[in-house]
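The values are calculated or read from the model by the stated rules, or taken from the named source; none is laboratory data. Please read all numbers here as calculations on a predicted model, not as lab measurements. FYI the Cβ positions are ideal-geometry reconstructions off the backbone, even for glycines, and counts take in every protein chain you see.
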Amino acid sequence: MFEKILFATSASSTCDDAARVAFELSRKNRSRLNVFHVFGLPSRGFGLTYRDVRTGESDEVDENLVSLVKEEMAQYYEKLAKDHPSCAFETATGEPHTEILRKARKEDASLIVMGAHTRPEDVGAMRHRIIAGSTMQKVAKSARCPVLIVSRPCVTCWSYFANIVVATDFSKPSDYAFQFARNVAKEIGCRLHVFHCVDLGSEQEPGQAYIEQQLAAAEKKVQDKYVANMGDFDNYVIALREGNPHVEVLKYARENKSDLIVMAHHTKDIDPEKAMLGSTIEQVVLRSACPVLSVNHPDKVDVSPYGPPRAGE
């Protein structure tokens, strides 16, 4: 399913939860796993001096240093990597998000796995716009393949994906997210939950008649856009809720023991590489107990051997 996985890591404890998911997915998929760490920022131009991204100290880049960093990475992930003969450790100096994206393009990665946080003080934080400015945000904005974001220990991932929730607002980017989630669920043979929340945030005390009207319209859209494109895949459920979208998708995922939430990186009709992480997925990433997969481009959504979706999807 995921032939090539790129695990972008700071090679520290802040990425341990993402590491467990990356190595487990690689093992179960027999994927080629590239463990990639950007350990320094060039001091100026093309000089050989770099500034360590963790300590802030400056040093000279040479072959001995690169070998030492790789050796430290291999030692740090020794237990996780022992059953992964196709695991490779690589490093780079530069802007972390730029180097991660460059590496993903070079390797033609089908999935990027990374943590939501890179600094210890960020772990567990509930800040609204801070994490969105981090390496994760910049990678998710421009990646051509889906980005799996892990912000907490995943308590349900170890039996592989059993319940995938794809949250949609019926936008074109959400259609790509559905397409990807459907293909993964079909290939694995797990249950797919197609979820939509009627956003009542802009309504002043909406009446029951209004809510029922919106839910009925949403159900018709789900039937027309998604159920009609399930093909012979029938292991799915439709879930409609009303309220605050990020709150409701988190509640639903928790109640149904979801081990993966799939969402569009953004939902507005703009250039994907200029779109900031949408507010709903950002809040889901911050609070979700399971990994959240961001789909930004249609390029890598057909991960299964079942072929592309039917015309009109």
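Numbers below:
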{"quantity": "Ser258 under 18 Å from His196 (Cβ atoms), surrounded by fewer than 16 Cβ atoms within 10 Å (Cβ to Cβ) and modelled with pLDDT of 65 or more", "calculated": "no"}
{"quantity": "So Leu68, is it modelled with pLDDT of 85 or more and either surrounded by 15 or more Cβ atoms within 10 Å (Cβ to Cβ) or in the same structural domain as Asn296 (by TED's automatic domain parsing) (or both)", "calculated": "no"}
{"quantity": "Pick from segment 96-130, criterion in a helix (DSSP H, G or I) and surrounded by 23 or more Cβ atoms within 10 Å (Cβ to Cβ), ranking: modelled with the lowest pLDDT", "calculated": "Pro96"}
{"quantity": "Number of the exception - Cys87 against (1) in contact with a helix residue (DSSP H, G or I) (Cβ under 6 Å, 6 or more places away or on another chain); (2) at pLDDT 90 or above; (3) surrounded by fewer than 21 Cβ atoms within 10 Å (Cβ to Cβ)", "calculated": "(3)"}
{"quantity": "Test for Lys251: is it loosely packed, with under 12 Cβ neighbours inside 10 Å, at pLDDT 90 or above and either among the β-branched types (Val, Ile, Thr) or part of a helix (DSSP H, G or I) (or both)", "calculated": "no"}
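Yes or no, residue by residue, for (1) surrounded by fewer than 17 Cβ atoms within 10 Å (Cβ to Cβ); (2) at pLDDT below 95:
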residue	(1), (2)
Ser171	yes, yes
Val184	no, yes
His196	no, no
Ala209	yes, yes
Ala218	no, no
Asp224	yes, no
Ala239	no, no
